[in-house]
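Participant: Here you go, one structure.
The values are calculated or read from the model by the stated rules, or taken from the named source; none is laboratory data. Note that the coordinates shown come from a computational prediction; the quantities given were computed from them, not determined experimentally. Please note: Cβ atoms are built from the backbone with ideal geometry, for glycine as well, and neighbour counts cover all protein chains shown. Note: accessible area is taken over every heavy atom of the protein model, side chains too, but ligands, DNA and RNA are not part of it. Shrake-Rupley method; radii C 1.70, N 1.55, O 1.52, S 1.80 Å.
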Amino acid sequence: MTYFKDLSDYVYQSEGMAEVLTAKNVGWLEAGYDFAKADPSTELLDRIWEFCKISVAQTRGIHECQLCSDGAYFSERSGETLLLGTSEIRVFSLEGDIYASPSLIYHYIDRHKYRPPDVFVEALMKGLQPSEQRYFDKLAELGLEWRY
């Protein structure tokens, strides 16, 4: 995977995407780069899990975590299993900010105690949710393809 500093401009897989001018990177971790850490709350893990169920910018391969050597990432939560590392997620704040993260962000938060920026967490908790049609309308408005 490629490292991007949190809140830097999103450019990964941005060819032809309308969001390229406004999206910010969050959670693009790689070995050799420090990152903030904190024990995640159950609420944070539950919420990021819901976003990881909606695959955006699907890739053809699996990006493995460079912080550990567990291989491909089938993660489980509440009886559900997801393959992480094959796509991205989008988080939208109520103020119109867009955050782009690898789906491995769940693994990074859960396993490596990655602490995302506060503005991202606020958008995750209070912004558009995958349980709302408005979330999918926003993805469509930006020309982003997605799947469950």
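Participant: When the gyration tensor of the chain is built from Cα positions, what are the square roots of 5 times its three eigenvalues, in whole Å, from largest to smallest? Write out the running numbers ahead of the final one.
Facilitator: Details: eigenvalues 88, 57, 51 Å².
For the chain, the ellipsoid semi-axes come out as 21, 17, 16 Å.
Participant: Could I ask something else about it? Assigning unit charges at the beta carbon (Lys, Arg +1; Asp, Glu -1) and nothing else, what dipole magnitude in debye, to the nearest 20, does the chain show about its Cα centre? Don't jump to the answer; show the numbers that get you there.
Facilitator: Numbers: 15 positive and 24 negative charges, 28 e Å.
Computed about the Cα centre, the dipole is about 140 debye.
Participant: Name the residues whose placed amide hydrogens come within less than 5 Å of the amide hydrogen of Lys24, ignoring near sequence neighbours (fewer than 5 apart) on the same chain.
Facilitator: Tyr10, Ile98, Tyr99, Ala100
Participant: With a 1.4 Å probe and every protein chain kept in, tell me what percent of the accessible surface of the chain is carbon plus sulfur. Please report the intermediate quantities before stating the final value.
Facilitator: Details: 3590 of 7660 Å².
Its accessible area is 47 percent carbon and sulfur atoms.
Participant: For the stretch 64-133, what are the per-bin percents of Cα-Cα distances with bins 5 Å wide, up to the bin holding the maximum?
Facilitator: 3, 14, 23, 24, 20, 11, 4, 1
Participant: For Thr59, enumerate residues with amide H under 5 Å from its amide H, sequence gap 5+ or separate chain, H modeled in the peptide plane.
Facilitator: So Thr59 has HN proximity to Ser87.
Participant: I've got another one for you. I need to check one value: relative contact order of the stretch 1-132, counting alpha carbon pairs closer than 8 Å and at least 6 residues apart, in percent. Each step should come with its number before you reach the end.
Facilitator: Working: 232 pairs, mean separation 38.8, N = 132.
Dividing the mean separation by the residue count of the stretch 1-132 yields 29 percent.
Participant: Roughly how many Å² is the accessible area per residue of the stretch 85-148, as a whole number, for a 1.4 Å probe? Don't jump to the answer; show the numbers that get you there.
Facilitator: Details: 2830 Å² over 64 residues.
Spelled out: the 1.4 Å probe surface of the stretch 85-148, per residue, equals 44 Å².
Participant: Follow-up. Taking a point 7 angstrom from the Cα of Lys113 along the C-beta vector, which residues in the stretch 38-52 have backbone N less than 13 Å away?
Facilitator: 38-41
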